[in-house]
1. Looking at (1) in contact with a Gly (Cβ under 6 Å, 6 or more places away or on another chain); (2) open to solvent by less than 40 Å² (accessible area, probe 1.4 Å), which is the one condition that is false for V98?
2. What pairs can you find where one residue is in region 224-238 and in contact (Cβ under 8 Å) with a residue 12 or more places away in the chain, the other is part of a helix (DSSP H, G or I) and basic (K, R), and their Cβ atoms are less than 8 Å apart, with a gap of 6+ or different chains?
3. Within region 21-36, can you find the residues that are open to solvent by less than 90 Å² (accessible area, probe 1.4 Å) and either in contact with an Asp or Glu (Cβ under 9 Å, 6 or more places away or on another chain) or of a type outside the set (G, A, S) (or both)?
4. Of these, D107, D153, which one is more than 16 Å from D281 (Cα to Cα), open to solvent by less than 40 Å² (accessible area, probe 1.4 Å) and among the acidic types (D, E)?
5. For region 211-278, please list each of the helices (runs of 4 or more DSSP H) lying entirely inside it that holds at least 3 residues being under 23 Å from P16 (Cβ atoms) and open to solvent by 10 Å² or more (accessible area, probe 1.4 Å).
6. Does region 134-148 hold any residues that are at pLDDT 95 or above and in contact with a Phe, Trp or Tyr (Cβ under 9 Å, 6 or more places away or on another chain), and which are they?
7. Keeping to region 35-73, report how many residues are closer than 14 Å to V5 by Cβ and within 34 Å of the chain's Cα centre (by Cα).
8. What number of residues in region 44-76 are surrounded by 13 or more Cβ atoms within 10 Å (Cβ to Cβ), assigned to a helix (DSSP H, G or I) and polar (S, T, N, Q)?
Amino acid sequence: MDVRVYWLWLQRALGPGNLRARRLLTRFSDIRALYEASRGELQEAGIAGAELKRLCDKETAADRLLLDSLLTAGAWLLTPDDAYYPTVLFGIPDPPLVLYGLGEMPDLEHMAVMGMVGTRKSSEEGANTARGLAFSFARHGMIVVSGGAVGIDAASHEGALRAGGRTIAIQACGLDIDYPHDNSGLRRQILASGGALLTEYPLGTPPNKYRFPVRNRLISGLSAGVCVVEAPARSGALITARLALEQGRDVFAVPGGIHDINSEGANSLIKQGARLITSADEVLEEYRQRFPDIMIKEPPVRQAVFDREDAPAGRVAAETKKAASPVPCPADATAEERMVYRALLGNETALSLDDLAARTGLPAARLLACLTLLEMKGSARALPGRQYALVCN
């Protein structure tokens, strides 16, 4: 029998996130030996009650049917026996017994991964911040992992996609469930861009409320660090942050106003020791040291900025002079984005963040958000040393 059927049987018997699964797998030599274990052997391993009854039921017809249905649907299944199973998950207390997936599963053993979480009821500023951070993370070689929900999750996936990067959405329901419906197009984009959709739940499983906290341990478990953007005092994002700390992951938080309900949770995390960040650079500098062969120090420069592809970054002023004209300010730019665009307009040299702050009067966090959005819209360009310039035709 296909060994994956045994893993499906065990997952069905114990359910996702069951701490006793590790105990059983440690006690028995392999998954088949666990399947063949007697009632007495299971009792000796500390199993009782309804779980004992389910583990003593050796019928696997439903599991074989599930595997066939999954493969017919074009999805795939990873178990701890598979070479492509993310071994980073072995380091958490309750690794998933099965992972159902669609798309391309990246080799996470050799990648820098950032988890991003926050409220579903995000403000426009919060969504723009998440989008901008994810854009920068992905542009510098990181994979962005989030939960595929509306709000901060969706903005994080969108930012990574706009940067041409890869992103993974971990769902709290079956792969065939259109949830949330508003993100149907986003899920298609994730798959089209070489990303993946993952879940512990079989086809047909609805997104019941209790499944989300169980799912959150995988967002943190796959990641080197978790970044929290806009989280109220009672938020699933805070569960993910707590799990990240328990799993030994980094926790970053974007601060907010003291009267902002959406920032109460993030501000509380900072008081508890999470690292306060106001720009992606603060995270990227740290991860470049940890992943020197993975992180992209200077992302490829668009041809529009320079006359030739290999032009040195230090010659931006000279090359900009040769350009015909700057790319127009985006039609959908906000008032603050237009202010930043005008501050860059007409300068023969790139401007530092301090120069732009002095010219616009904007706080650093809002200024960085505006610059990132202008960059995403193709009008501005970030250069080494936190210098900025307009893109030219």
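1. (1)
2. Partner pairs satisfying both residue conditions: A224/R290.
3. Of the residues in region 21-36, the ones open to solvent by less than 90 Å² (accessible area, probe 1.4 Å) are 21, 24-25, 28, 30-31, 33-35.
Across region 21-36, the qualifying residues are A21, L24, L25, F28, D30, I31, L34, Y35.
4. Details: D107 fails: open to solvent by less than 40 Å² (accessible area, probe 1.4 Å).
Unique residue meeting the criteria: D153.
5. On the way: elements: 211-221, 236-246, 264-271.
The qualifying helices (runs of 4 or more DSSP H) are 211-221, 236-246.
6. Result: F137, M142, I143, V144, G147, G148.
7. Number satisfying all stated conditions: 10.
8. Residues in region 44-76 being surrounded by 13 or more Cβ atoms within 10 Å (Cβ to Cβ), assigned to a helix (DSSP H, G or I) and polar (S, T, N, Q): 1 in total.
The values are calculated or read from the model by the stated rules, or taken from the named source; none is laboratory data. Since the model is a prediction, treat every value here as computed from it, not as a measurement. Neighbour counts run over all protein chains shown; Cβ positions are idealised from the backbone, glycine included. Accessible surface is based on the protein model in full, side chains and every heavy atom, while ligands, DNA and RNA are left aside. Shrake-Rupley method; radii C 1.70, N 1.55, O 1.52, S 1.80 Å.
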